[in-house]
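To keep things clear, I will list the structure first and then write my remarks on it.
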Amino acid sequence: MAHMDKVVASAAEAVADIPDGVTIAVGGFGLVGIPEILINALLEQGATDIETVSNNCGTDGFGLGLLLEKGRIRRTISSYVGSNKEFARQYLAGELEVELTPQGTLAERLRAGGAGIPAFFTPAGVGTAVEEGGLPLRYDGHGGIALASQPKETREFDGETYVLERGIVADYALVHAWKGDRHGNLVYRASARNFNPPAAASGRITIAQVEHLVEPGELDPNEIHTPGIHVQRVVHVGPVEVGIENRTVRS
């Protein structure tokens, strides 16, 4: 079964062939379940002009925020973009293009892309700028809008209006799993499951960093969250400590 062994020796080797200008789906939510070791390897590798698809674009100095600081992200499709001052600065300065997408819609766009579904109808965003257009994708740096979102197609089903959203197929996906085997089957832990399964499905080439690498057959098939068919490369990174975005305890 050697040909099924998807383990690569290092994070650097796993991301070595990622070229400039690609779309990368990235798992995680805030600082939970983010593939930080793969992101750091991509930072070292040097690919630029990247479009990221991720719930949020990291925080200042962490996760995708590191790529953002170096000016390596050209465009992002995101749901939550708070907690990142550099993101706000680049967006308002016209340096970064941002496609804001409702959170559930973003998850389904990734899932649909991974399932071969090109588009779907959803009630989320009906009657708002998501449907009607005009959301600033890029500012001109002087307070004006350089590029705005276009209106989306709507359709009625059973008396309710729905808006058409496109599935997302990414060139690459970077995900974090708690356990993985050599065939690329993945298990996520608790809330780190978040956007990792749909991101993993969405990528044409999916790279998973795993805390615990096990042999094929060790994972209970009933507990596998992402089947190995979605995963092309596995990197064993050992236990990873989750950062805390906002400490809310008394000093």
Identify the single condition in (1) over 23 Å from R75 (Cβ atoms); (2) in contact with a Gly (Cβ under 8 Å, 6 or more places away or on another chain); (3) not in a strand (DSSP E or B) that G127 does not satisfy, given that it satisfies every other one.
(2)
Just need a number here: residues in segment 32-49 that are surrounded by fewer than 24 Cβ atoms within 10 Å (Cβ to Cβ) and on the phi < 0 side of the Ramachandran plot.
9
Within segment 198-224, residues touching a Phe, Trp or Tyr at 6+ places or on another chain (Cβ under 8 Å), without any contact (Cβ under 8 Å) to a residue 60 or more places away in the chain and not hydrophobic (A, V, I, L, M, F, W, C) come out as R204, T206, E211, H212
Among the candidates R166, R189, single out the residue that is closer than 19 Å to A112 by Cα, open to solvent by 20 Å² or more (accessible area, probe 1.4 Å) and basic (K, R).
R166
Take the residues in segment 144-159 that are in contact (Cβ under 8 Å) with a residue 12 or more places away in the chain and assigned to a loop (DSSP other than H, G, I, E, B), then tell me which one is most open to solvent (accessible area, probe 1.4 Å).
Q150
Taking the conditions exactly as written (acidic (D, E) and open to solvent by less than 50 Å² (accessible area, probe 1.4 Å)), does E223 satisfy them or not?
no
Filtering segment 194-218 down to residues that are under 21 Å from L106 (Cβ atoms) and surrounded by fewer than 20 Cβ atoms within 10 Å (Cβ to Cβ) yields R204, I205
For the structure I just gave you, tell me whether P123 is closer than 17 Å to T23 by Cα and surrounded by fewer than 17 Cβ atoms within 10 Å (Cβ to Cβ).
no
In segment 50-60, the residues that are in a loop (DSSP other than H, G, I, E, B), over 14 Å from I24 (Cβ atoms) and open to solvent by less than 40 Å² (accessible area, probe 1.4 Å)
N56
Residues being surrounded by 11 or more Cβ atoms within 10 Å (Cβ to Cβ) and assigned to a loop (DSSP other than H, G, I, E, B) - total across segment 226-251:
9
Residue pairs qualifying under the 8 Å Cβ cut-off, at least six apart or on distinct chains, with the first in segment 89-118 being part of a helix (DSSP H, G or I) and the second being of a type in the set (F, W, Y) and open to solvent by less than 20 Å² (accessible area, probe 1.4 Å), are L106/F195; A107/F195; L110/F195
Name the residues in segment 1-31 that are at pLDDT 95 or above, within 12 Å of the chain's Cα centre (by Cα) and either open to solvent by 10 Å² or more (accessible area, probe 1.4 Å) or farther than 21 Å from T76 by Cβ (or both), would you?
T23
Being touching a strand residue (DSSP E or B) at 6+ places or on another chain (Cβ under 7 Å) and closer than 23 Å to I18 by Cβ narrows E215, E211, E165 down to just E211
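The values are calculated or read from the model by the stated rules, or taken from the named source; none is laboratory data. Just so it is clear, the structure is predicted and the values come from calculations on it, not from any experiment. All Cβ positions, glycine included, derive from the backbone under ideal geometry; neighbour counts span all protein chains shown. Surface accessibility is based on the protein's heavy atoms, side chains included, excluding ligands, DNA and RNA. Shrake-Rupley method; radii C 1.70, N 1.55, O 1.52, S 1.80 Å.
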